[in-house]
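Chemist: Mind having a look at this structure? Questions to follow.
What follows is calculated from the coordinates using simple rules that are stated; it is not laboratory data. Everything numeric here is computed off the predicted structure, so don't read it as measured data. Neighbour counts are summed over all protein chains in view; Cβ atoms, including those assigned to glycine, are modelled from backbone coordinates with ideal geometry.
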Ligand SMILES: CC(C)(COP(=O)(O)OP(=O)(O)OC[C@H]1O[C@@H](n2cnc3c(N)ncnc32)[C@H](O)[C@@H]1OP(=O)(O)O)[C@@H](O)C(=O)NCCC(=O)NCCS
């Protein structure tokens with residue numbers, strides 16, 4: 001398990017709150033968002049680890065930190081979408097995400113993970 005320091009920047013917008021995450025060394029970034037009208041849902045997107053730093057648990061760390069943000073903000077579930085038939089879909093499934101629904105207009109689906117047991 002990696003122990004990289006993560007910088008979190010919170011942006012309060014009219015319709016949502018966004019959390020921008022980046023490792024201090026710039027090896028990875030990610031975003032999470034909570035919409036004002038669905039405050040129980042953490043919506044994740046834009047996870048990316050620099051190819052030079054992959055397979056060291058940084059992606060998992062970014063997931064864990066985003067989920068902790070969601071729990072702290074009072075969200076009950078975390079959502080993200082992935083393209084169908086990709087290894088990334090399996091990557092998220094191995095990290096607790098399950099099928100939720102089809103994503104309209106794309107060959108993709110929403111995955112969901114409960115944040116509270
Ligand atoms: C997906 C991503 C964030 C994972 O980051 P990471 O730091 O390598 O993640 P981890 O070290 O925590 O996990 C590595 C795992 O990914 C698997 N993996 C990595 N590259 C892979 C590949 N090309 N094909 C299949 N599995 C792969 C490893 O086998 C390992 O499996 P595990 O679940 O048994 O541990 C990173 O590969 C990435 O940035 N990809 C491009 C952007 C992207 O796809 N983002 C997600 C959008 S939905």
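Chemist: Can you give me the relative contact order of the stretch 1-44 as a percent, contacts being Cα pairs under 8 Å and 6 or more apart? Write out the running numbers ahead of the final one.
Modeler: Working: 70 pairs, mean separation 12.6, N = 44.
Here the relative contact order equals 29 percent.
Chemist: In addition: Give the relative contact order (percent, whole number) for the chain; include only Cα pairs under 8 Å separated by 6+ residues. Please report the intermediate quantities before stating the final value.
Modeler: Numbers: 209 pairs, mean separation 22.2, N = 117.
Once normalised by length, the contact order is 19 percent.
Chemist: Something else about it: For the stretch 86-117 and the stretch 25-71, write down the distance between their C-alpha centroids in whole Å.
Modeler: 14 Å
Chemist: For the ranges 68-76, 45-53, what's the packing order if you count other beta-carbon atoms within 10 Å of each residue, average per peptide, and put the highest first?
Modeler: On the way: 68-76: 16.0, 45-53: 13.7.
The packing order, highest mean first, is 68-76, 45-53.
Chemist: If you don't mind, there's one more thing I want to ask. Using only the alpha carbons of the stretch 1-63, determine the length spanned along each of the three principal axes and report them from longest to shortest in whole angstroms.
Modeler: The principal-axis extents, from largest down, are 38, 18, 17 Å.
Chemist: Where q = 0.19 Å⁻¹, what log10 of I(q)/I(0) comes from the Debye formula for the chain, counting one point per Cα?
Modeler: -1.07
Chemist: Over the stretch 68-117, what is the relative contact order in percent, taking alpha-carbon pairs closer than 8 angstrom and at least six residues apart?
Modeler: On the way: 68 pairs, mean separation 22.8, N = 50.
About 46 percent, as a whole number.
Chemist: What does the helix-only formula give at 222 nm for the chain: each DSSP H stretch with n ≥ 4 adding -39500 (n - 2.57), the total divided by the residues, and the result rounded to the nearest 500 deg cm²/dmol?
Modeler: Dividing the helical sum by the residues of the chain leaves -5500 deg cm²/dmol.
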